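Chemist: What follows is a single structure, and I will ask about it in a moment.
Rule-based calculations on the coordinates, nothing more; no lab input. Because the structure is a prediction, the values reported are computed rather than measured. Neighbour counts run over all protein chains shown; Cβ positions are idealised from the backbone, glycine included.
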Amino acid sequence: MSASPEPAPSPPVTQNREFWMLMGYAVALGVFGALAGLVFMGLIGFGGGWYDDADPGWFGGQWWWVAVTAGAGVLVGLARRLMHLPEELPGLVDDVQDGHVEPRLVPGIVVVSAVSLIGGASLGPEKALGTMGGGVGTWLSQRRRLSSEDSRLCTLSGFGGAYGGLFSSTVIVVMFILELARPGGRRFVKALVGGVVSSSVSFGIYFTIAGAVFVDAYQVPSYAYEDWQLLVGIPLGVLAALVVTMMVVIVQGMSRLFELVKLPGIVRSTIGGVLFGLVGVVLPLTMFTGSDQLTTVLEHAGTLGVGLLVALVIAKQFTFAVSQASGFVGGPIFPALFVGGTVGVLVHAVFPAVPLGLAFTCMLAAVPGALVAAPFTMVLLAAFLTQVGALQTAPILIAVVTAFLTMEAVKYLVARRREVRATGGEPATPN
């Protein structure tokens, strides 16, 4: 009896027609992402011009700002109602991990996010941009009736196109998508190449028109690498995890508070606008995405004072939580970058022996890296943003990995405690 012949190995993924169709879609999504990003970023940049005369010190804002932020809250509430946005929207990380963005929600999210960011909410533009790119990717896959796998990959290419211009680096964008989506097997090649293609096209168009907007954004003082700095990365990572834990607690607390009050949507968003507007009058650096404001913190690192820096860190977390809980729409990465960078300046102020460049870059990467569970992306992002040397990235990596592992340990302990409470006894020991 002869043995049955072994099945022929499947051809490489690049030899399938579907692969090249996805690459064509990636090019189109890169073009769309660049143009959409240029329009959106230009709009919020122009609309936020009312903040330009802010003073970075205590009570450096203007009281009329509260009227602007309250008005933004009214518009946010009206827009959410008119565009039928649900009360709970999926977060940016959830969208990337699912590889799906509901197309019908895209217009409402973009409009509300634009109003939120122009109105000074402590949120980032990455939610709206990702929703546009990912939403068009999902819509395109539905129109072309792609398989569930290719539909997910097409959506990821949409995210790549949306972020290629914003982050000014194909490497950062692709790493971010792969870390969050974690495609396996043959999907990895498609996701990798699709992300490279879409983000490269987007960056090429964006750079030609607007230039690089996110590379070398923060000029940190140069410092020589020494071996002891590797050990410093560990306590800085633990500190970052503590900061992220506090941020999560504040966000959850504000969300529960707004849920308990049960106010109409317009009233809730108006109150939210008044709250972060009042904080902005006292501490103007807590307003908006935090990108330009972090530049100010770094430039005035020697004059802001420890008390002001502590207040900025806590207040920024509060305004971020209020913005999210009250119905404003935006992303968490830019506020987390501000919080992390400001904590780094604070560390240097308290411990002058730790170089400012070391403390700033480590915390700039570790806080958002622990918050969104994308550690390697944030190492690259910090290196690109500050242009530190190759040796100087080693402490950054240690700080980010330490923060990430610490947060994962906290999540594990919290999950175990909930399991114990749910079962009324000891959790089952895994085999």
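Chemist: For MET246 and LYS262 in the same chain, what is the full-extension length gain: residue separation times 0.36 nm, less their Cα-Cα distance, in nm?
Modeler: Taking MET246 through LYS262 to full extension adds about 3.3 nm, to one decimal.
Chemist: To the nearest 10 degrees, how steep is helix 306-325 against the longest Cα principal axis of the chain, on a 0 to 90 scale?
Modeler: Compared with the principal axis, the helix lies near 50 degrees.
Chemist: Counting other C-beta atoms within 10 Å, which of LEU75, LEU22 has the fewest, and how do the rest follow?
Modeler: LEU75, LEU22
Chemist: Okay, helix-only estimate at 222 nm for the chain: each DSSP H run of n ≥ 4 adds -39500 (n - 2.57), divide by all residues, round to 500 deg cm²/dmol; what do you get?
Modeler: -23500 deg cm²/dmol
Chemist: Only one of the values [x] 1.08; [y] 0.91; [z] 1.02 was calculated from this structure for Cα Rg over 2.2 N^0.38 Å; name its label.
Modeler: Calculated Cα Rg over 2.2 N^0.38 Å: the matching label is [z].
Chemist: Now, a different point. So if each residue of separation counts as 0.36 nm, and I subtract the Cα-Cα distance between PHE188 and PHE59, what length gain in nm does that give?
Modeler: Gain on stretching PHE188 to PHE59: 41.4 nm.
Chemist: Once label points are set 7 Å from the Cα along Cα→Cβ at both GLN142 and VAL306, what is their separation, rounded to one decimal in nm?
Modeler: Once both label points are built, they end up 5.5 nm from each other.
Chemist: Another one. Hey, got the dipole for segment 218-333? About the Cα centre, +1 on K and R Cβ, -1 on D and E Cβ, debye to the nearest 20?
Modeler: For segment 218-333, the charge dipole is close to 580 debye.
Chemist: Report the relative contact order of the chain, percent, no decimals, based on alpha-carbon pairs under 8 angstrom and at least 6 residues apart.
Modeler: Answer for the chain is 22 percent.
Chemist: Using only Cα atoms, locate the centre of segment 314-391 and the centre of segment 60-114, then give the distance between them in Å, rounded to an integer.
Modeler: Centre-to-centre distance over Cα atoms comes out at 23 Å.
Chemist: Within the chain, what's the longest run with no chymotrypsin sites (Phe, Trp or Tyr not before Pro) in a DSSP loop and at most 12 other beta-carbon atoms within 10 Å? Give the range, please.
Modeler: Result, exposed sites excluded: 64-431.
Chemist: Which FRET efficiency value, to the nearest 0.05, do you get for THR295 and ALA224 by plugging their Cβ-Cβ distance into 1/(1 + (r/R0)^6) with R0 = 30 Å?
Modeler: Computed FRET efficiency for THR295 and ALA224 comes out at 0.80.
Chemist: Charges at C-beta only: +1 for Lys and Arg, -1 for Asp and Glu. How large is the resulting dipole of the chain about its Cα centre, in Debye rounded to 20?
Modeler: With Lys and Arg at +1 and Asp and Glu at -1, about 1080 debye.
Chemist: Out of segment 258-367, which trypsin sites (Lys or Arg not before Pro) are coil in DSSP terms and have no more than 11 other C-beta atoms within 10 Å?
Modeler: Here the sparse-neighbourhood loop sites are LYS262.
Chemist: Continuing with this model, one more query. Under 5 Å between amide hydrogens, which residues at least 5 positions from GLY331 or on another chain qualify, with H placed 1.01 Å from N in the peptide plane?
Modeler: GLY124, GLU126, LYS127, ALA128
Chemist: Here's another thing I want to ask about it. Once label points are set 7 Å from the Cα along Cα→Cβ at both LEU43 and GLN97, what is their separation, rounded to one decimal in nm?
Modeler: 2.9
Chemist: Estimate the FRET efficiency between ALA394 and ALA415 by the formula 1/(1 + (r/R0)^6), using the beta-carbon distance for r and 35 Å for R0, to the nearest 0.05.
Modeler: 0.65
Chemist: If you put +1 on each Lys and Arg Cβ and -1 on each Asp and Glu Cβ, how big is the dipole of segment 175-228 around its Cα centre, in Debye rounded to 20?
Modeler: 580
Chemist: Would you work out which of THR295, THR406, VAL343 lies farthest towards the positive end of the dipole of segment 228-419, given +1 charges on the beta-carbon of Lys and Arg and -1 on that of Asp and Glu, about the Cα centre?
Modeler: THR406
Chemist: Pick out, in residue order, every one of the GluC sites (Glu not before Pro) in segment 82-130 that is DSSP loop and has at most 11 other C-beta atoms within 10 Å; say none if there are none.
Modeler: GLU87, GLU88
Chemist: Please give the helix 106-118 orientation as an angle from the longest Cα principal axis of the chain, in degrees from 0 to 90, rounded to the nearest 10.
Modeler: Between helix and principal axis, roughly 20 degrees.
Chemist: Here is a follow-up. Enter the angle in degrees (range 0 to 90, nearest 10) between the Cα long axis of helix 375-386 and the first principal axis of the Cα atoms of the chain, meaning the one along which they spread out most.
Modeler: Long axis of 375-386 versus the principal axis of the chain: about 60 degrees.
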